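Chemist: After the structure tokens below, expect a handful of questions from me.
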Amino acid sequence: MLRLISAFTLLLACSHAFIQPAALRPRSSLFVEKVEGNPSYKKVFVAGGTKGVGKCIVESLSKSGVDIVCVARSDEAVSSLNAMDNVVCHKGDAFDYKSIEDNMWGCDAVITTLGGTTEEGRRVDYEGNNNVIEAAGILGVTRVVLVTSIGCGDSKDAAPPAVFEALKDVLADKEKAERVLQRYYTNTNWTIIRPGGLKSEAMTGKAILTEDKLAIGSIHREDVADLVIKALKSSGTKKKILSAVDMSLGSNVGGEREVEEFQL
């Protein structure tokens with residue numbers, strides 16, 4: 001079968017590493033992963049690990065002793081990530097399917113936070129994430145966590161209209177990546193996490209995941225990373241789409257409306 005997959009500063013969920021395009025290729029059959037209890041993953045491929053939420057994830061996993069594999073386009077980023085314990089970063093590009101597949105080999109889980117635009121104006125939100133998702137399917141890596149943004153899919157109504165209009169092309173690309181994972185990788189243990197508006201401040205420890213599609217608000221990148229890692233390890237997040245917000249932050253909107261926390 002041929003490949004089926006091919007800011008609101010505060011709402012845009014990921015602007016991380018971008019990493020030239022793959023030709024259409026057959027997709028391998030996938031196997032079903034049994035999830036019993038809370039699984040432990042020993043080697044995790046992190047796409048988008050050079051900055052933002054992705055880098056926070058790499059730093060946290062590194063400290064916990066998990067082996068991490070990344071790719072980065074610049075020598076500087078490669079050197080910086082390789083300086084961390086338990087991290088192996090290769091020179092590569094998320095737009096180059098083969099560099100993703102080759103370096104993902106041997107991993108048992110994947111996290112992708114890819115998002116943003118290159119200097120040439122090329123957006124990685126769909127194309128890069130699509131390469132990551134396809135490589136995971138071909139290699140039989142059945143645990144995938146995709147980080148996108150509130151405003152995608154059935155959370156569209158959570159975003160203020162003006163904000164959604166300003167970011168609609170970016171959100172559309174992120175949503176395309178979500179649909180690839182949901183529709184074509186039905187045997188994969190996937191989780192989609194949609195953060196609200198991202199801030200680069202210290203973790204509050206009060207952020208939550210929720211299935212509430214109208215939840216909206218700010219969240220610190222370190223808190224997103226913490227929730228992503230917890231979701232990765234939780235058997236309860238299989239095939240779940242969750243929003244990530246921190247209702248303790250003053251910039252949250254929604255009035256007196258309560259948001260129910262998803263229990264990991």
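Chemist: Being more than 17 Å from V145 (Cβ to Cβ), open to solvent by 10 Å² or more (accessible area, probe 1.4 Å) and either in contact with a strand residue (DSSP E or B) (Cβ under 9 Å, 6 or more places away or on another chain) or aliphatic (A, V, I, L, M) (or both) is the filter here, so list the residues in region 176-216 that pass it.
Modeler: Answer for region 176-216, where residues must be more than 17 Å from V145 (Cβ to Cβ), open to solvent by 10 Å² or more (accessible area, probe 1.4 Å) and either in contact with a strand residue (DSSP E or B) (Cβ under 9 Å, 6 or more places away or on another chain) or aliphatic (A, V, I, L, M) (or both): K199, S200, E201, A202, M203, T204, D212, K213, L214, I216.
Chemist: Please tell me if E76 is open to solvent by 40 Å² or more (accessible area, probe 1.4 Å), assigned to a helix (DSSP H, G or I), closer than 24 Å to L242 by Cβ and charged (D, E, K, R). Outline the logic, then answer.
Modeler: Numbers: open to solvent by 40 Å² or more (accessible area, probe 1.4 Å): yes; assigned to a helix (DSSP H, G or I): yes; closer than 24 Å to L242 by Cβ: no; charged (D, E, K, R): yes.
Criteria not met by E76.
Chemist: Can you name the condition, by its number, that G121 falls short on among (1) among the small types (G, A, S); (2) within 16 Å of the chain's Cα centre (by Cα); (3) open to solvent by 50 Å² or more (accessible area, probe 1.4 Å)?
Modeler: Status for G121: all satisfied but (2).
Chemist: Further question on the same structure: What pairs can you find where one residue is in region 54-68 and within 10 Å of T113 (Cβ to Cβ), the other is open to solvent by 60 Å² or more (accessible area, probe 1.4 Å), and their Cβ atoms are less than 8 Å apart, with a gap of 6+ or different chains?
Modeler: These pairs meet every condition: C56/E222.
Chemist: Hey, another quick one. Just wondering, is there one or more residues in region 231-242 that are more than 26 Å from S40 (Cβ to Cβ), aliphatic (A, V, I, L, M) and assigned to a strand (DSSP E or B)? Write out each step before concluding.
Modeler: Within region 231-242, the subset more than 26 Å from S40 (Cβ to Cβ) is none.
No, the conditions are met nowhere in region 231-242.
Chemist: Next up: Residues that are more than 25 Å from V245 (Cα to Cα) and in contact with a Lys or Arg (Cβ under 7 Å, 6 or more places away or on another chain): list the helices (runs of 4 or more DSSP H) wholly contained in region 84-195 that include at least 3 such residues. Spell out the reasoning first.
Modeler: On the way: elements: 97-104, 124-139, 161-184.
So the answer is 124-139.
The values are calculated or read from the model by the stated rules, or taken from the named source; none is laboratory data. In this text, all values refer to a predicted model and were calculated from it rather than measured experimentally. Please note: Cβ atoms are built from the backbone with ideal geometry, for glycine as well, and neighbour counts cover all protein chains shown. Ligands, DNA and RNA are stripped out before the accessible areas are found, and what is left, the full protein with its side chains, is counted by its heavy atoms. Shrake-Rupley method; radii C 1.70, N 1.55, O 1.52, S 1.80 Å.
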